[in-house]
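Throughout, read-outs are computed from the coordinates displayed, never taken from laboratory work. Quick caveat: nothing in here was measured; it's all calculated off a predicted structure. Heads up, the Cβs are rebuilt from the backbone with ideal geometry, glycines too, and the neighbour counts pull from every protein chain shown.
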Amino acid sequence: MRPHNAWPRLLLLLAGAISIATLTPSTRAQDEDGEETPPAPTGPPTVNGRDSATGSVGQLGMIFELSTARLVVPPNLPIGRSRRMTFAVSRQAPRANGVASGFHGVGSVFSFVGAIDATSAPVAVSLRQPRAPGRPNQRLVLAMEQPTICNAQHSQPLPGGSQGLCSGWQIIDAQWADGRLNAEIRTPGGFRLAFGWVPIAAPDTAG
């Protein structure tokens, strides 16, 4: 008689196990209030602005999206605590000859307030440009402003810089693809950025 009486209990146990197995996947995706838990972020967050975008950049990095340009700070840079950074259109256009010999600017001049170490993964800058600019025997570049000692060759004061420092420019190769000018920078200094082109024979830095 004992084996016969054990069947109802066994059936109840099996029914309970099936019920738990059926409910478990749906409850894992819900919080205590029964609402679905949003997925964890998988990439850098985006901040938008017409001419200026500001955000607190941490280990996730950040995408600064303007109406004509984009700047991407990749994740996992040695930033430490979140830092407030701004990517914006600059109203202070540099003198072309002060940037590099034969330099011709393309589009707006920008500023990036965010001096960081990007040697492990470069900061990407791009400018919307429907047609490839430039002419034969010229190369596309991004001019990145950096502080230098004022002298006869560098006499323009550095915007926002300490007294006695003037603007110097580093010339970085750029490419045009899919309607955008693109360049990568590994040591952004927190000053102005200008796309353009220079003669192929031009030196890598002004002066």
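Once the convex hull of the C-alpha atoms of segment 46-199 is built, how many Å³ does it hold per residue, rounded to a whole number?
For segment 46-199, the hull spanned by Cα atoms encloses 108 Å³ per residue.
Applying a 10 Å radius around every beta-carbon, put 119-125, 186-192, 47-53 in order of their mean neighbour count, most first.
186-192, 119-125, 47-53
Using the Karplus curve 6.51 cos²θ - 1.76 cosθ + 1.60 with θ = phi - 60°, work out ³J(HN,Hα) for each residue of segment 115-127 in order, rounded to whole Hz, and write x for Gly and Pro.
Karplus values, whole Hz, x for Gly and Pro: 6, 9, 8, 10, 5, 7, 7, x, 6, 9, 10, 9, 10.
Quick one: 3J(HN,Hα) in Hz for segment 68-75, Karplus 6.51/-1.76/1.60 with θ = phi - 60°, rounded, Gly and Pro as x.
10, 9, 9, 10, 10, 8, x, x
Figure the gain on full extension for ASP51 and THR119 (residue separation times 0.36 nm, minus the Cα-Cα span) and round it to one decimal in nm.
Taking ASP51 through THR119 to full extension adds about 21.8 nm, to one decimal.
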